[in-house]
Amino acid sequence: MEKRFFNIEIFRREMGPLQTNAYIVSTGKVCMVIDPGFPKESVELAEYILERRLEVEYIIATHGHFDHVLGVDKFRERLGYKPKFYIHIDDLSLLATAGDALNRFFGVYVKPPKPDAYLYGGEKFTLNGVVFEIIHTPGHTRGSICIYIESEKIMFTGDTLFRGSIGRYDFPESDENLMRKSLQRIANMDPEIRIFPGHGNESTLNNELEFNGPLRDMLGLIP
Ligand SMILES: [Zn+2]
């Protein structure tokens, strides 16, 4: 699925048994890849990029859950060069055990990728003049982030905010209070922002504030 905006183009590919969304966000001939989560589909994602002669500048994980990170190595292998892989520092232990988690659920082991650099929140990545800002939104996991492109009013929300739902916060690596704070922070942003979640379809912040029951409950909005 391809979508064109004024300055960027977004390609979404669902990956693996949990239908995790990987995104290619391109501006001109350069792109950022978000959450290449499973080896097989990540190879196909790399082929898509090679066919279009795009150059990958950054690979960013929205958090350390296995379905968002385990395709990184195969993706880079097929690509034939090694763009840097970034993840928030608070999800490093989760990343390190991602292969074991996959094994627990699906009986297959994949060695987790090693990050090249850590995120802390507040970083700004530039692609062809378009600025991508990292917003730390802990809750689903300690190191969950959103990636915000202010000039396009677009945000990749990982497993923090979905269309019609919010991310789980009952894992040992989750924190309900942090989740509430992060969702509140998102809710205070421009309601026109279009959100592209880690699973499922895109939406707008406005739409979610109005119709997303779990989000409204979490924020204490009156029905
Ligand atoms: Zn997750």
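Please treat every number below as a calculation from the coordinates, not as lab data. None of the values given here were measured: they were computed from a predicted structure. For neighbour counting, all protein chains shown are included, and Cβ atoms are generated from backbone atoms with ideal geometry for every residue, glycine included.
Some notes on this structure:
- Between residue 109 and residue 217, the contour length at 0.36 nm per residue exceeds the Cα-Cα span by 35.2 nm.
- Each residue of the stretch 36-44 was assigned a 3J(HN,Hα) from its phi angle through the Karplus expression (A = 6.51, B = -1.76, C = 1.60, θ = phi - 60°), giving x, x, 10, x, 4, 5, 5, 5, 5 Hz with x at Gly and Pro.
- Cα centroid separation, the stretch 119-141 to the stretch 204-220 (Å): 23 Å
- Placing unit charges on the Cβ atoms of the charged side chains and taking the dipole of the stretch 2-219 about its Cα centre, the candidate lying farthest along the positive direction among 212, 157, 105 is 105.
- Take the Kirkwood radius over Cα pairs of the chain, plug it into Stokes-Einstein at 20 °C and 1.002 mPa s, and you get 124 µm²/s for translational diffusion.
- Pair residue 204, residue 133: separation of 7 Å Cα→Cβ label points (nm): 2.0 nm
- For the stretch 78-156: Kirkwood Rh in Å [reciprocal of mean 1/r, alpha carbons]: 14.3 Å
- Segment residue 84-residue 150, extension gain: residue separation times 0.36 nm, minus the distance between their alpha carbons: 21.5 nm
- Nearest-0.05 FRET efficiency for residue 92 and residue 44, computed from C-beta distance (R0 22 Å): 0.20
- Total lysine pairs under 13 Å (Cα atoms) in the stretch 2-219, excluding pairs fewer than 8 apart on one chain: 6
- Stretched out straight at 0.36 nm per residue, the stretch from residue 184 to residue 29 would grow longer than its current Cα-Cα span by 52.3 nm.
- For the pair residue 55 and residue 192, label points projected 7 Å from Cα toward Cβ lie 3.3 nm apart.
- Dividing the helix sum by the residues of the chain, where each DSSP H run of 4 or more adds -39500 (n - 2.57), gives a mean residue ellipticity at 222 nm of -8000 deg cm²/dmol.
- Ordering of 179-191, 96-108 by packing is 179-191, 96-108, highest average first (other Cβ atoms within 10 Å, averaged per residue).
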